[in-house]
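Quick notes on the structure that follows.
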Amino acid sequence: MNKSPLATAKTVVLTALLFLFPLFFLPLTQEYFITGKLYLMAFGALLLLAISLMQFVTTKKLVWERKPFDSAVILFFTTVAVSTLISSPNKVQAILNPNFGVLSIFSFTILYFYLSRSHAAQKLQKTAVLVAAFLLSLSAIVTFFTPFKNAKLPLELTFLKNAYFTPLGNTLDLAVLLGFVAVYLFSVIMGKKENETKTLLHTGLFLVVLGALGLTTYSIVKSNGLALLTPFAHSWYAAMETLKQPLTALFGVGVDNYAAMFTQVKDYAYNISPVWQIDAFSASRSLFLHVMTEAGLFGGVSFALLMLQLLRSKKGATKLALLPLLYVVVATIVFPPSLPLFFLVFVIVGMVSGNHKTEGAEEFTLETGRILPLYIGTSVIAAVALLGMGYLVGRSYASEYLFNKAVMGMEKNIVGSYTDMQGALVQNPFVERYHMSYSQLNLLIANNIASKAQPPKQKEGEPAAKPIELSEQDRQNISQAIQAAISESKAVVQLNPYKAINWMNLAATYRNIIGVAQGADAWTISAYNRAITLDPQNPLYRIEFGGLMFAFKSYDDASRLFEQAVTIKPDYANAHYNLSWTMFQKENYQGAAAEMQNVVKLLDPKKDEADYKRAVADLEEMKKKLPKEEAKTEDTQTEQKTNKLALPTPPAGNLEPKLQLPKDASPEAK
């Protein structure tokens, strides 16, 4: 029986998606590997649905073939959607989250349904995946040896000089995918008799993939890539923390909100780990634990059922046949969530489900041609839904394009960047990083105008020049830019008030305008307090807040904050350094010298030579304030990581008279 042109079109689109996904990227967005793949899958899924709609319109039949994995896949997608609806503070950003969001899981769910019903073309689709893996392997082998390192390449192709470049996005995802392909090929070669040509092809491909996997693994180890992942212990703590409240236990903290939970489970052990300077991770170390944290028990159980059903689908098969499926299940426990890993999961589930030709399969056909209202209504509703989704996805991609254009052109054409940034926000006003960048751009514009009022540098001996008085128009422009910066920073907080980093961004905005706007000092303090409340174990936040108090000469408050930073992270030399000088300002010379001695002990005289010499010199100065019998100190050091000593600096920029901003510029005003 010949396939209809529309059925053939579905096969072509489906096969193309399987082949293109690992290789596809476009340098049109700020992050053009994973972002490009997300929108490739989204538009591909909508195209498959559009072809099915055309089939329905022409045949007037609605055909549904039941498969064993359907319920588990639908249940998992439903839990993700419900978690987003109920728990996610920023629902649009949760939908668009590339690693674990509604749009990505929806696209993969559509991919599963078409893949599981594509019986005749499964060999072609397997071949497409293997060819893509072969090309990925060649790419990994070639880039490992950096053949273009010294070549003169256009700006668009400079990524080819990077030894860690991969079309998949990052080396860890590449290793996971190549690992699966290697295990699958091994099971095929060892598990069944094939003709000599196929055996040679599979063996050759296996060796190429294995070589690329070895080089990729070496690159990961060499770059210490795994060290920058969320610690397993804290990934587990975050998942368990969600069980303490009924709502989060059932639905999680919400998709795209992992960072908010992570800041709650940070502890002393985290602050002495190599990754302590990372304020918050946006993803768990384990895909399964990430699902548990963001989508709750419903999400975790539904995903566990899907994985359990995957393992049971090969019940009675040889151990070799089970190896690839076992690899997928283990990968979801061991590796962090990512678009490529979810792609692997849904492709394997779809292909395994497609092998069930009779077992559990039922076909349902609804003839709608005889019921005209049903036929027309279904066609119209489906067409409107598809057009609506296509429009929204298109706007989202357009916003990513405009935002990237704005960022890339900021140095050359600030006016053009401003217009493009506005365009990105018009297309999608729900992305937090857009508002952050737009806020910073407005601050830059305000600072550029305010810099006109700074007097020129005078030579030694010349009288100080008077500040240049700004025109009323300049003051108006500064005021508008500052209000826009505040408004955009507050928009970030309103989109997700549970992320400490969002409040720190608002605090930084207020801090930048302390010298030019009335009330900005109080607003800065308020924003810092909110950030610290949300991330109580972060020493860097206290250092920054304490630095502001030091600049205000509020030494008691500064001392309290620096002491808290020292308590949270006792081996942080800069915390002791700031505390030492704060005590010195309070004329507590004994305490200041003791803290500076701690700084000397924490610094390595070889690795931190400049800081070490500075601390020793400061200690000697402080010892001059002590009685002679107390000035004797130990000269010992402990080997620690590199630290940079820095005293707080006052907020830059002054404008007189200061601008009077409206009351709605305060952090409490909605």
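Only one residue in PHE69, PHE148 is surrounded by fewer than 21 Cβ atoms within 10 Å (Cβ to Cβ), on the phi < 0 side of the Ramachandran plot and in contact with a helix residue (DSSP H, G or I) (Cβ under 8 Å, 6 or more places away or on another chain). Which one?
PHE148
Can you find, within region 193-233, the residue that is surrounded by the fewest Cβ atoms within 10 Å (Cβ to Cβ) among those that are outside any helix (DSSP H, G or I) and touching a residue at least 12 places away in the same chain (Cβ under 8 Å)? Among those residues, the one meeting the criterion is SER223. With respect to the conditions (1) in a helix (DSSP H, G or I); (2) modelled with pLDDT of 90 or more; (3) surrounded by 15 or more Cβ atoms within 10 Å (Cβ to Cβ), TYR375 falls short on a single one, namely (2).
Given the criteria assigned to a helix (DSSP H, G or I), over 16 Å from SER118 (Cβ atoms), aliphatic (A, V, I, L, M) and more than 19 Å from the chain's Cα centre (by Cα), does LEU38 qualify?
no
Of all residues in region 569-590, which are touching a residue at least 24 places away in the same chain (Cβ under 8 Å) and outside any helix (DSSP H, G or I)? Residues satisfying the conditions are LYS569, ASP571, TYR572, LYS586. Taking the numbered list (1) within 23 Å of the chain's Cα centre (by Cα); (2) over 21 Å from SER104 (Cβ atoms); (3) not aromatic (Phe, Trp, Tyr) in turn, ALA9 passes all entries but (1). Note on region 509-536: residues that are more than 30 Å from TYR268 (Cα to Cα), in contact with a helix residue (DSSP H, G or I) (Cβ under 8 Å, 6 or more places away or on another chain) and of a type in the set (A, V, I, L, M) amount to 5. Only a single criterion out of (1) buried (at least 19 other Cβ atoms within 10 Å of the Cβ); (2) under 20 Å from LEU115 (Cα atoms) is not satisfied by PRO5, namely (1). Filter region 242-274 down to the residues that are among the charged types (D, E, K, R) and without any contact (Cβ under 8 Å) to a residue 40 or more places away in the chain and list them by number. Passing the criteria: only LYS244. Taking SER139, is it in a loop (DSSP other than H, G, I, E, B) and surrounded by 17 or more Cβ atoms within 10 Å (Cβ to Cβ)? Here the answer is no, as SER139 does not meet what is asked.
Condition check ((1) charged (D, E, K, R); (2) surrounded by 15 or more Cβ atoms within 10 Å (Cβ to Cβ); (3) closer than 30 Å to PHE186 by Cα) across all residues:
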{"residue": "LEU325", "(1), (2), (3)": "no, yes, yes"}
{"residue": "ALA331", "(1), (2), (3)": "no, yes, yes"}
{"residue": "PHE346", "(1), (2), (3)": "no, yes, yes"}
{"residue": "THR368", "(1), (2), (3)": "no, yes, no"}
{"residue": "SER379", "(1), (2), (3)": "no, yes, no"}
{"residue": "GLY394", "(1), (2), (3)": "no, yes, no"}
{"residue": "PHE403", "(1), (2), (3)": "no, yes, no"}
{"residue": "LYS412", "(1), (2), (3)": "yes, no, no"}
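Within region 229-248, at least one residue is in the same structural domain as PRO89 (by TED's automatic domain parsing) and within 30 Å of SER139 (Cβ to Cβ). Filtering region 67-88 to residues that are closer than 13 Å to LEU305 by Cα, in a helix (DSSP H, G or I) and either touching a residue at least 40 places away in the same chain (Cβ under 8 Å) or touching a strand residue (DSSP E or B) at 6+ places or on another chain (Cβ under 9 Å) (or both) leaves ASP70, ALA72, VAL73, LEU75, PHE76, THR79. Residues that are among the small types (Gly, Ala, Ser) and under 30 Å from LEU392 (Cα atoms) were ranked within region 99-127; the one that is surrounded by the fewest Cβ atoms within 10 Å (Cβ to Cβ) is SER118.
The single condition from (1) modelled with pLDDT of 95 or more; (2) crowded, with 19+ Cβ neighbours inside 10 Å; (3) touching a Leu at 6+ places or on another chain (Cβ under 8 Å) that TYR39 fails is (3). Considering the conditions (1) free of Cβ contacts under 8 Å to residues at least 24 places away in the same chain; (2) over 15 Å from ALA42 (Cβ atoms), MET436 is excluded by exactly one of them, (1). Only one entry of ALA631, ALA594 meets the criterion of being among the hydrophobic types (A, V, I, L, M, F, W, C), more than 15 Å from ASN578 (Cα to Cα) and either surrounded by fewer than 19 Cβ atoms within 10 Å (Cβ to Cβ) or at pLDDT 70 or above (or both), and that entry is ALA631.
Within region 163-173, can one find any residue that is under 20 Å from VAL329 (Cβ atoms) and in a helix (DSSP H, G or I)?
Taking region 163-173 and keeping what is under 20 Å from VAL329 (Cβ atoms), we get 172-173.
If we keep only those that are in a helix (DSSP H, G or I) as well, we get 172-173.
The answer is yes, given that some residue of region 163-173 is under 20 Å from VAL329 (Cβ atoms) and in a helix (DSSP H, G or I).
Evaluate the following for ASP256: is it acidic (Asp, Glu), in the same structural domain as VAL345 (by TED's automatic domain parsing) and crowded, with 18+ Cβ neighbours inside 10 Å? Yes: the conditions hold for ASP256. Residue count for region 539-568, restricted to those that are modelled with pLDDT of 95 or more and part of a loop (DSSP other than H, G, I, E, B): 0. Residues in region 483-534 that are surrounded by fewer than 23 Cβ atoms within 10 Å (Cβ to Cβ) and either touching a Lys or Arg at 6+ places or on another chain (Cβ under 7 Å) or under 17 Å from LEU561 (Cβ atoms) (or both): ALA508, GLN518, ASP521, ALA522, ILE525, SER526, ASN529, ARG530, ILE532, THR533, LEU534. Within region 87-97, at least one residue is β-branched (Val, Ile, Thr), under 21 Å from ASN496 (Cα atoms) and out of contact with any His (no Cβ under 8 Å at 6 or more places or on another chain).
The values are calculated or read from the model by the stated rules, or taken from the named source; none is laboratory data. On a predicted model such as this, the values are computed, not experimentally measured, just so you know. With ideal geometry, Cβ positions are generated from the backbone for all residues, glycine too; neighbour counts draw on all protein chains shown.
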